[in-house]
Every structure is written in C-alpha cells, then in structure tokens.
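See below for the structure under consideration.
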Amino acid sequence: MSGPAEDTVTVFAGLAELEQALGTHLGCSAWHTITQRQIDTFAEATGDHQWIHVDPEQAADGPFGTTIAHGYLTLSLVPMLMLQVYRIEGMRMSVNYGVNKVRFPEPVPVGSRVRAGVMPLSLTEGGGGHQLVARVTIEREGAVKPACVVETVSVLVPR
C-alpha cells in the first residue's frame, strides 16, 4: 500500500466530496504494534484463550513460532485505524452497520506492526442516513499478503 504520509488525514467537507473519492485509495494509518498484553486483554474480553494466542511457551513450538493475534482482534482495530486515514465534516454521527466480507489471509505474530489502507467503494442512501462501504486492508509490516481485508459498512448521518 502506498499513500500519503502516515500522519496525513484526508478531510472531506461533506458527503458530496466523499462521493468524488469513491474508488480512490485514501492512504494509510500510522503503524500500530501488536503486544502480548493487547492479545491477552482481547482474550479476556472475548473468552478466546486458545494457546496460539495466550501461551507464549507452547506457541513457541507451534506452527507460527510465537503467539499470534486473534483474527477478530485485528478486525477490531479497523475503527481506530480508519480514523487516522480520513474524516468527514458535517456529520452528526457515524455508526458501524456491519461488514460485507472479511478475510484473514496472514497471521499477525506478537510484536508485528500493522496499518490500514482505506478505499471508499460506494455511498448510498439508507439505514437512516447514507451507507458507506469501504475496503479496509490491514497490512503487516514485511508480509507479502495482508493480515485482514474487510468491506466495512457505516451509516453516516449528516447534521
């Protein structure tokens, strides 16, 4: 993924301006490091204590050589990372409505750095506002394949 500098946020003046950017890669978030503490906290919150996530000693002898982040932990980073890529002025609120498709092509070993690239795909009226579908690709630094690819659906409600 390429895009503007990591600290650059694309700001849209409103939905009409966002609509002009459909199909355009908006850039990438800053890098975020996945820690064992974050993995363990996610395991506590979700009840998913599978050893490949939370047992570094056993995971060292496992298929990845270390613990890996839960796929859904990687997915849960999407809202935070997207906020680093773009924002839309004039919105009363933005609500996560769901996802159309999500895949986890590569594992995310503890200590990995990940970032998200965003491409808005469509903007239609519906759901009490306007539904934005965006493709978010989370890449892991140094990996060939992305860690997560998801089509998010958000409902944007103008002021």
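Values quoted throughout were computed directly from the atomic coordinates according to the rules given, and no laboratory measurement underlies them. All values derive from a computational prediction rather than experimental measurement. Methodologically, a virtual Cβ is constructed for each residue, glycine included, from the backbone with ideal geometry; neighbour enumeration extends over all protein chains shown.
I'd like the residue in region 110-141 that is buried (at least 17 other Cβ atoms within 10 Å of the Cβ) and more than 16 Å from the chain's Cα centre (by Cα) and, out of all such residues, is nearest to Ala16 (Cα to Cα).
Step by step, filter region 110-141, then rank; the result is Leu123.
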- Item | Qualifying strands (runs of 3 or more DSSP E) (wholly inside region 99-159; at least 3 residues being over 30 Å from Thr67 (Cβ atoms) and out of contact with any Leu (no Cβ under 8 Å at 6 or more places or on another chain)) | 113-126
- Task: Inspect region 78-91 for any residue being surrounded by fewer than 19 Cβ atoms within 10 Å (Cβ to Cβ), of a type in the set (Lys, Arg) and over 30 Å from Thr124 (Cα atoms) and give the result as yes or no.
- Result: no
- Item | Enumeration of residues in region 63-80 that are touching a strand residue (DSSP E or B) at 6+ places or on another chain (Cβ under 9 Å) and assigned to a loop (DSSP other than H, G, I, E, B) | Phe64, Gly65, Thr66, Thr67, Ala69, Leu77
